[in-house]
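One structure is given here, and the rest of the page talks about it.
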Amino acid sequence: MKVRCVEKFEQRSFSDCLIIAFFEEKLSFKEKKNFSEKWNVPLKEKDFLGKVGETCFFYSEEEKNKRILFLGLGKEEDITHDSIRKSFSKALIFCKDKGLKKISLIFPDKCMLKDLFKTVLESLFLSNYWFHRLKKDSLKEEKKSLIQSIEIIGIKEDKKLIDKIEKITDAVNMARDLVNNNADDTSPKRLEEVSLELEKISKKIKVTVFDKEKIAEEKMDLLLAVNRGSSFAPSFIIIDYTSNQDKDRTVFIGKGITYDTGGLSLKPSNAMETMKCDMAGAASVISTLYLTALLDLNVNVTGIIPATENSIGPKSYKPGDVYNSYSKKSVEVENTDAEGRLVLADAIAYAVDKIKPSRIIDIATLTGAVSIALGEEIAAVFSNDEKMWEILKKASENTGEKVWRLPLYKEYMEKLKSKIADIKNVGGRTGGVITAALFLEAFVKNTCWMHIDIGNVAYLKKRKGIMPDMGTGFGVRLFLEFLENLK
Ligand code: BES
Ligand code: ZN
Ligand code: ZN
């Protein structure tokens, strides 16, 4: 989407729709009437109040902007980044769904304050997403299209800011696309290829890929166990971004289950339908590394993706059997559907042992239980380090990707006790989000660590503000903010 800024109203160009944003109450009838008379539209007093996300659409005789959309921003004193996200995404989606391509936008001065304006722009860009790659015939009949250009009236152009937001959007959309594509296409091999592509973007990126043989040599037996039912080979991907000589390094680990059938503990088919999203953590990590390189951040970061399908077949790993792990802990697999924590355990133990980073953050569609606990908008976070949590919390406040910290309640480790192995992979029906996190914690040793369960926010059935339905790209902006706030 191209952005152009013009300082004066008269300088505006022709567009398919002019969006005029108002604050509630600040919109006197007189002003409203001025606008409506200008475009020769009779607008009755109560038609539009200016509440957050309220819209009023009409056609005008005016030459430059034949369509007008009034957009409500709520009360001026109540304005927040969240209310901005809500209203501007509503306006953009309205125009996109109408098949409009060129829009112009005018809003009150307050929205031009630097960080509010950033949120305005980000909301517009992030809402302009539509996954249509797999549509064929029906595409001709669809009225929808993506907005191609936007003109912002009344503001000086800030090229640097626009460029940064374009890059952020590019990375978030990359994560969304990776999730939304067919699971058969986004195989472990494909995740490898996408990661290797990153080397072309920056000399600071180096990608190492472990194939099945090397994974066996490294004794990542949990990753191998999960892979046994799949016809696709597993892959262990390491993306290093090195920008300075500091010892400080952040490792992001993303769950890369390219499809989760549940294995022999098979999922019911309605629960399986969305399971191509089970590599959303991996997608966020790859996109974070992509964005880190695009923005040339002065940080050292490693992204690790343990990638495999959790499928079913004669060689599938079996509930009740005990498997070894990279860390040498033996694991009783009580349920093959709790596979994410197994591949993450090997990846975490590998990172602790070989990379010895300053901190590890894993991100995973780890449990279904997280949506019971927190709904569809708030991810669960666990951490053994206060400082890290504070930085993430701040990042979350800035990006609007909501998180809530849950306790690593040691007593619940009891639930993971196995009669025949060092630990078992499930802890019973209750407290499932916590026991999943406690399982991972058993592999982090003394490293500062954080776990983000995005099982509820990575893939939506219904879009919500700037988050589209299906893959949301949750985590990419959060991690960028995290990295930017590290020092
Ligand atoms: N990938 C799922 C978790 C999931 C479910 C993510 C729904 C997004 C939406 C994970 O591998 C899984 O199946 N977890 C089980 C754990 C259980 C067997 C202890 C779950 O949550 O049911
Ligand atoms: Zn599963
Ligand atoms: Zn899974």
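Quick notes on this one:
- Where a residue in the stretch 105-117 is farther than 24 Å from residue 10 by Cβ and its partner, wherever it lies, is surrounded by fewer than 18 Cβ atoms within 10 Å (Cβ to Cβ) and of a type in the set (A, V, I, L, M, F, W, C), with Cβ under 9 Å and at least six apart: 114/161
- Residue count for the stretch 298-333, restricted to those that are in contact with a Gly (Cβ under 7 Å, 6 or more places away or on another chain) and surrounded by fewer than 24 Cβ atoms within 10 Å (Cβ to Cβ): 6
- Residue list for the stretch 437-462, filter: touching a helix residue (DSSP H, G or I) at 6+ places or on another chain (Cβ under 8 Å), farther than 21 Å from residue 328 by Cα and assigned to a loop (DSSP other than H, G, I, E, B): 454, 455, 456, 458
- Residue within the stretch 227-241 that is of a type outside the set (Val, Ile, Thr), assigned to a helix (DSSP H, G or I) and either buried (at least 24 other Cβ atoms within 10 Å of the Cβ) or within 16 Å of ligand 2 (Cβ to nearest atom) (or both) present: yes
- Some residue of the stretch 251-267 being within 16 Å of ligand 3 (Cβ to nearest atom), over 26 Å from residue 193 (Cα atoms) and either in a helix (DSSP H, G or I) or hydrophobic (A, V, I, L, M, F, W, C) (or both): yes
- Residue pairs whose Cβ atoms lie under 8 Å apart, sitting 6 or more positions apart in sequence or on different chains, and linking a residue in the stretch 437-456 that is over 18 Å from residue 220 (Cβ atoms) to a partner that is assigned to a loop (DSSP other than H, G, I, E, B) and acidic (Asp, Glu), are 448/385; 449/385; 450/385; 456/376; 456/377.
- The set of residues from the stretch 314-339 being on the phi > 0 side of the Ramachandran plot and either out of contact with any helix residue (DSSP H, G or I) (no Cβ under 9 Å at 6 or more places or on another chain) or within 16 Å of ligand 1 (Cβ to nearest atom) (or both) comprises just one member, 320.
- Condition check for residue 203: among the basic types (Lys, Arg), free of Cβ contacts under 8 Å to residues at least 40 places away in the same chain and either within 16 Å of ligand 1 (Cβ to nearest atom) or assigned to a loop (DSSP other than H, G, I, E, B) (or both): yes
- Scanning the stretch 70-113 for residues that are in contact with a Cys (Cβ under 6 Å, 6 or more places away or on another chain) and either modelled with pLDDT of 95 or more or farther than 17 Å from residue 18 by Cβ (or both) gives 95, 100, 103.
- Residue within the stretch 405-426 that is closer than 30 Å to residue 127 by Cα, in a strand (DSSP E or B) and more than 16 Å from ligand 2 (Cβ to nearest atom) present: yes
- Contact map, the stretch 366-395: first residue over 24 Å from residue 310 (Cα atoms), second residue away from ligand 2 (no atom under 16 Å from the Cβ) and in a helix (DSSP H, G or I), Cβ cut-off under 6 Å, separation 6 or more or different chains; pairs are 383/389; 391/482; 392/482; 395/478; 395/481; 395/482.
- Leading residue by the ranking (surrounded by the most Cβ atoms within 10 Å (Cβ to Cβ)) among those in the stretch 257-295 that are small (Gly, Ala, Ser) and over 20 Å from the mean Cα position of the chain (by Cα): 263
- In the stretch 4-28, the residues that are closer than 20 Å to residue 73 by Cβ and of a type in the set (A, V, I, L, M, F, W, C): 5, 9, 17, 18, 19, 20, 21, 22, 23, 27
- Looking across the stretch 390-404, the residues that are acidic (Asp, Glu) and not in a loop (DSSP other than H, G, I, E, B) come down to 390, 397.
- Output for the stretch 463-487, where each listed residue is at negative phi, buried (at least 23 other Cβ atoms within 10 Å of the Cβ) and either assigned to a loop (DSSP other than H, G, I, E, B) or among the charged types (D, E, K, R) (or both): 466, 468, 472, 474, 477
- Among the criteria (1) over 20 Å from residue 355 (Cβ atoms); (2) in contact with a helix residue (DSSP H, G or I) (Cβ under 7 Å, 6 or more places away or on another chain); (3) in a loop (DSSP other than H, G, I, E, B); (4) of a type in the set (Gly, Ala, Ser), the one residue 283 does not fulfil is (3).
- Between 323, 350, the distinction of being away from ligand 3 (no atom under 16 Å from the Cβ) and farther than 21 Å from residue 435 by Cβ belongs to 350 only.
The values are calculated or read from the model by the stated rules, or taken from the named source; none is laboratory data. Treat the numbers as computed from the prediction; the structure is a model and nothing was measured. Cβ atoms come from the backbone with ideal geometry, glycine included; neighbour counts cover every protein chain shown.
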